[in-house]
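Note sheet for the following structure.
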Amino acid sequence: MSRATEFVQQFQKEVHQKDPNQTEFLQAIDEFLSTITPFLEKHPEYVEKNILSLVTEPERLIQFRVPWQDDAGNWKINRGYRIQFNSALGPYKGGLRFHPSVNLSILKFLAFEQVFKNSLTGLPIGGGKGGSDFDPKGKSDAEIMRFCQSFMTELIKYIGPDTDVPAGDIGVGGREIGYLYGAYKRIKQYDAGVLTGKPLDFWGSQGRTEATGYGVAYFVKELLHDLNDDFTNKRVFVSGSGNVAIYAIEKLQELGAKVITCSDSDGFIYDDEGIDLTLLKDIKEVQRERLTAYAKIKSTAQYHEGSVWDFATKADLAFPCATQNEINQKQAEQIVKNGVKVVAEGANMPCNAEAVDCFLENAIYYCPGKAANAGGVAVSALEMAQNSQRLSWTKEEVNEKLEKIMRTIYRSCRDTAKEYGAGNNFMLGANIAGFEKVAKAMIAQGLV
Ligand code: NDP
Ligand code: 2IT
């Protein structure tokens, strides 16, 4: 057994012993560790510096109480968090998630993956993540505002445009970022760059709303280009119907694909004519309604309860854009049976470990979230740059930069996988390419 293999195995044992209950965090670490040995064999100096312990331990965990009052006057208490995982490459950067499932394990997995994702963008941003177990579903606008104000009253102590810059994620979009920014500004005055994903009226960037969804489509566009192919008439599965899903559908349709599904946590739409995006946007962005409303209006659409990934119909590409672990092994097998050749993750860790293995065993092009969905955070970093300059770039400028960044990320995953003899294993490519830059910076900064 090589020294690197021994080091990885020993470390894996230790990390599981330390936080045995943090299932999602350990899942993300195990995936990372399953790919990193070839790099450590080539670079033994990182083994000497105990790099795995350094890079998997967050710099700081913050947990706080968020008290707020509902419309009926009841006192409510939620948990708020911010994980400041790694600042080797720049200020902590990453979204805030408001969802009842939020806990330390989920936020640590998201923050850990964010570190490598941000590194892959080539922009000067470290990694972090935060949020709350607050459930925005069914809450009034006034309740959302009061919650955001209370959340920011505490979070403000730890963030700043040069230290930690949150943005949106599940349950946090333009409306929430607006309320959070207002609360911040009331206490600390003007600091546009402290949050990204701001509405365009107060220093948001053109193209940020669309960036994650467009980015994942651009990533696959590059892959198809390598295969002498394109999106024309491709039948595509998309899951989710939130920010990432909607703009992935928009770009995929623009590039010639036929998107036949979208979903929420109750069920999914199958529309063989292709998803009607105007209708979908109206239901989700304007009415803030459930997907059942879509099938009531569009006669060609079928609504099914349950997961879209159990559905059997021919397709070419799949874009999971909802949440972690939405695809298990059985569902991965169904996806393969459906004829899908590319799985690109708009969401973070939507495929569990067995599902990923199934894709790799069946020579499916598997595009991991930390690379494929990096477009959102990349345009967030561009928003920070514009805020610092006190300038706004045009939609075209931002979009051009986004496409170029996604092309570079794709090539870096592809070329790194090749360099390490791993064929088309983009997961290995993304992990090693993202890690190398962070690890190098950390070692150069000394034992801190
Ligand atoms: P939104 O809140 O806008 O949408 C989330 C979508 O996923 C909704 O359709 C929601 O359905 C569905 N969903 C959420 N939880 C579950 C669940 N447990 N089971 C099934 N469906 C679920 O979030 P985003 O679109 O912003 O985020 C989607 C994914 O993309 C997340 O994994 C996020 O981390 C990732 N991501 C987001 C980025 C961004 O810029 N926003 C950037 C990079 C990655 P329902 O309404 O029923 O809850
Ligand atoms: O998972 C992610 O990359 C995000 N939610 C976006 C983070 C950001 O800072 O824009």
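The values are calculated or read from the model by the stated rules, or taken from the named source; none is laboratory data. The model shown is predicted, which means the values in this text are computed figures rather than measured ones. So basically every Cβ, Gly included, is an ideal-geometry build from the backbone, and we count neighbours across all protein chains shown.
Listing for the model above:
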{"read-out": "Enumeration of residues in segment 96-111 that are surrounded by fewer than 24 Cβ atoms within 10 Å (Cβ to Cβ) and either of a type outside the set (Ser, Thr, Tyr) or closer than 21 Å to Lys198 by Cα (or both)", "value": "His99, Pro100, Asn103, Leu104"}
{"read-out": "Residue in segment 132-142 that is farthest from ligand 1 (Cβ to nearest atom), counting only those that are surrounded by fewer than 20 Cβ atoms within 10 Å (Cβ to Cβ) and not polar (S, T, N, Q)", "value": "Ala142"}
{"read-out": "Helices (runs of 4 or more DSSP H) wholly inside segment 164-263 that include at least 3 residues being near ligand 1 (Cβ under 10 Å from one of its atoms) and crowded, with 21+ Cβ neighbours inside 10 Å", "value": "208-226, 243-254"}
{"read-out": "Meets criteria (within 13 Å of ligand 1 (Cβ to nearest atom) and either surrounded by 24 or more Cβ atoms within 10 Å (Cβ to Cβ) or hydroxyl-bearing (Ser, Thr, Tyr) (or both)) for Gly267", "value": "no"}
{"read-out": "All helices (runs of 4 or more DSSP H) inside segment 14-131 with 3 or more residues being within 16 Å of ligand 1 (Cβ to nearest atom)", "value": "23-42, 104-121"}
{"read-out": "Candidate set: segment 50-76, residues that are touching a helix residue (DSSP H, G or I) at 6+ places or on another chain (Cβ under 7 Å) and among the charged types (D, E, K, R); chosen: the one nearest to ligand 2 (Cβ to nearest atom)", "value": "Asp70"}
{"read-out": "Residue that is surrounded by the most Cβ atoms within 10 Å (Cβ to Cβ), among those in segment 345-374 that are in a loop (DSSP other than H, G, I, E, B) and more than 9 Å from the chain's Cα centre (by Cα)", "value": "Pro368"}
{"read-out": "Condition broken by Ile170, with the remaining ones in (1) in contact with an Asp or Glu (Cβ under 9 Å, 6 or more places away or on another chain); (2) touching a residue at least 40 places away in the same chain (Cβ under 8 Å); (3) of a type in the set (A, V, I, L, M, F, W, C) satisfied", "value": "(1)"}
{"read-out": "Flag if Glu326 is at pLDDT 95 or above, surrounded by 13 or more Cβ atoms within 10 Å (Cβ to Cβ) and within 16 Å of ligand 2 (Cβ to nearest atom)", "value": "yes"}
{"read-out": "Where Gly429 falls short, out of the listed (1) within 18 Å of the chain's Cα centre (by Cα); (2) buried (at least 16 other Cβ atoms within 10 Å of the Cβ); (3) away from ligand 2 (no atom under 16 Å from the Cβ); (4) within 25 Å of Gly240 (Cα to Cα)", "value": "(4)"}
{"read-out": "Scan of segment 100-111 for residues that are touching a Pro at 6+ places or on another chain (Cβ under 8 Å) and either more than 20 Å from Ile156 (Cβ to Cβ) or polar (S, T, N, Q) (or both), ordered by number", "value": "Lys108"}
{"read-out": "Subset of segment 317-346 (residues that are in contact (Cβ under 8 Å) with a residue 60 or more places away in the chain and in contact with an Asp or Glu (Cβ under 7 Å, 6 or more places away or on another chain))", "value": "Pro320, Gln324, Val340"}
{"read-out": "Pairs with Cβ under 8 Å, 6+ apart, first in segment 105-128 and in contact (Cβ under 8 Å) with a residue 40 or more places away in the chain and over 11 Å from Ser87 (Cα atoms), second outside any loop (DSSP other than H, G, I, E, B) and among the acidic types (Asp, Glu)", "value": "Ser105/Glu24; Ile106/Glu24; Lys108/Glu24; Phe109/Glu24; Leu110/Asp169"}
{"read-out": "Options Val244, Val336, Val286, Val259: the member that is farther than 27 Å from Ala374 by Cβ and β-branched (Val, Ile, Thr)", "value": "Val286"}
{"read-out": "Of residues in segment 77-113 being closer than 15 Å to Arg60 by Cα and polar (S, T, N, Q), the one farthest from ligand 2 (Cβ to nearest atom)", "value": "Ser105"}
{"read-out": "Residue tally, condition crowded, with 21+ Cβ neighbours inside 10 Å and touching a Leu at 6+ places or on another chain (Cβ under 9 Å), over segment 399-411", "value": "4"}
{"read-out": "So Val286, is it more than 16 Å from ligand 2 (Cβ to nearest atom), among the aliphatic types (A, V, I, L, M) and closer than 20 Å to Phe426 by Cβ", "value": "no"}
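For every residue, the table says whether it meets (1) of a type outside the set (A, V, I, L, M); (2) within 13 Å of ligand 2 (Cβ to nearest atom).
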| position | (1), (2) |
| --- | --- |
| Val336 | no, no |
| Asn348 | yes, yes |
| Ala353 | no, no |
| Glu403 | yes, no |
| Glu419 | yes, no |
